[in-house]
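These notes are about the structure you will find just below.
The values are calculated or read from the model by the stated rules, or taken from the named source; none is laboratory data. Since this is a predicted model, take the numbers as computed values, not measurements. Glycine also receives a Cβ, built like all others from the backbone with ideal geometry; neighbour counts cover every protein chain displayed. What goes into the accessible areas is simple: the full protein's heavy atoms, side chains included, and nothing from ligands, DNA or RNA. Shrake-Rupley method; radii C 1.70, N 1.55, O 1.52, S 1.80 Å.
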Amino acid sequence: TNHFSLGTLVDLSFSYKLSYWKRRGVEFLPPNLIFGNFKDAVLFRSAPGWHLGDLHKMARPDAPFVGFYIFHKPCLLLRDPDVIKHFMIRDFDNFCDRHFAGSTQRDSIGMKNLFGLKNPAWKYLRSKITPTLTRGKLKQMLPLMMEIAEPMMSYIKDHPANQDNVRILDAQDLNYKYTTDLIASVALGTKIDSFYNPNEEFSLAVGESFYGFKRMVALLAVFFMPELVEVIGTKILCTSTFVRKVFWNAMESREKSGKKRGDFIDSLIQIKKGEQDPVYKFEGENLLYQSGTFFSGFESSSTCTAFTLMELAKHPEYQELARNDINNAIEKYGWTYEAFQEMKYLEQIILESLRLHPPVSTVDRYTREDYQIPNTDVIIEKGTPIYISLYGLGTDPKFWDEPQVFNPNRFAKGSQIPDAYMTFGIGPRMCVGMKVGQLHAKVVITILLRDYKIWQTKEHTSYLDPRSTVTAAGNGINLHFKKI
């Protein structure tokens, strides 16, 4: 009987915790007694971001928001763009911090930057980083982006082809290699070649940060269970003594020589020499942490590029239109920044690919003070995590016709883009690297499509990696490449 009564007590305590939303009169998704609504994600059966999209779909179609639980922690999922605007724009001051911001990840390159900082440091940092991504800076980065594509093209050419001169390569892997070199070049000011001469130490460090299992667990914890981060300890996000070494060597030699290379190191030296604000000093490790912004940023645009190539491989008609768009722009402007700006149809394709495959598919915020949701009597308690699912919004039939169909014309000039499109986030904390990310994607796709036709066969269909909090294909993205 003792066992029974203890079990009953535990059950009662769990049931009470899981009746939180019911007691507050908020519509909610019925939870599992132990995992809440997060069982498949916690057990890595379903990609956590995708799983949140499923929760979005399970709710009543017209519900503007819905309560759910991660284990026994009550969380709120926002489903309606108008409600989201209240949280993210009008009342930004109450929701300016991410849910995971400022947890004690002392050592992590991934946190002490725009992704992880809380206000007021975040606001100051944002004002300093934004000018490093202006049009002028992007023009300087473009040659670096193009130079890095050269070994990629040779690598494809050297890949064994069948009798019809077709090569099968993993577009996701190509993009990881390219992006590893891009991060080295732009964020760390150093040249490497992951295609032919993979610097074991660096490629491993970046590879581990992209898709090592530790990193998968870390991201799940950071996005959905930040309390665990305190428990597991601090060294869980990308920490590499090697990255550190490369970065400081670049800073030092650049400061001595005074040479400019058009990369982020140039910008950092400029910021370091400028006026400083005690809220966030650009010195020591804080400089290194800024390069982490590029790690995460280029990782997202790399994912975007790989999944866009997959969609182009499935839709030869759009691929042909994109190729014409690319060739016209380059004929008109040569290989210049203006040419990439001109590729409007390619941009539509990228935006549509991001709708279906958002690289970072979850937006999260922390409630700083109790908050009454406008036009309701619902009060959200301080400390409640707020989530938005980009998978949910991006394929919600309430906002999109035939949401599962890939159709770049949704973004054609003059068409009304639904407010539910939030791939780059929304409000003051929106993605600062939107332009540089699009340029990265355009450069790689342009260079590939000018030389190759690509397609994907049935047996190579890709699926999502269930372990990954950021979007990744579990079996790669194997495409057929044929020289034009």
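Assorted remarks:
- Projected-area mean, the range 354-482, by convex hull of Cα positions, square nanometres: 11.3
- Residue-span extension gain [Thr8 to Ser253] - 0.36 nm each, minus C-alpha spacing: 81.5 nm
- Computed over all pairs of different Cα atoms, the Kirkwood value for the hydrodynamic radius of the range 13-78 is 11.9 Å.
- Carbon and sulfur %, accessible surface of the chain computed with the full protein complex present, 1.4 Å: 55
- Size-normalised alpha-carbon gyration radius of the range 256-337, reference 2.2 N^0.38 Å: 1.67
- Rg followed by Dmax, in Å, when the range 388-453 is reduced to its Cα trace: 14.4, 40
- Relative protection proxy for 123-129, 344-350, from highest mean packing down: 344-350, 123-129 (other beta-carbon atoms within 10 angstrom).
- Hydrodynamic radius of the chain per Kirkwood, over alpha carbon pairs, in Å: 23.7
- Evaluated at q = 0.15 Å⁻¹, a Debye calculation over the C-alpha positions of the range 44-95 (equal weights, vacuum) places log10 I(q)/I(0) at -0.49.
- The protection proxy used here, the mean number of other Cβ atoms lying within 10 Å of each residue, ranks peptides 290-296, 179-185 as follows, highest first: 179-185, 290-296.
- The range 45-57 - phi-based ³J(HN,Hα) in whole Hz, Karplus 6.51/-1.76/1.60, Gly and Pro as x: 7, 9, 4, x, x, 5, 4, 4, x, 5, 4, 4, 6
- Principal axis box of the range 311-408, alpha-carbon based, largest edge first, Å: 58, 31, 22
- When only alpha carbons of the range 32-187 are considered, Rg and Dmax amount to 21.9, 62 Å.
- At full extension, Leu43 and Glu275 could sit 78.7 nm farther apart than now, given 0.36 nm per residue minus the alpha carbon distance.
- Karplus (6.51, -1.76, 1.60) ³J(HN,Hα), θ = phi - 60°, over the range 166-182, in Hz, Gly and Pro reported as x: 10, 10, 10, 9, 8, 5, 5, 5, 3, 5, 5, 5, 4, 6, 4, 5, 5
- Distant-in-sequence amide contacts of Asp193, defined by a placed amide H-H separation under 5 Å and a gap of 5 or more residues or a different chain, comprise Asn199.
- Coupling constants for the range 127-137 follow from the phi torsions by the Karplus curve (6.51 cos²θ - 1.76 cosθ + 1.60, θ = phi - 60°), and in residue order they are 5, 8, 7, 3, x, 7, 10, 6, 3, x, 5 Hz; glycine and proline get x.
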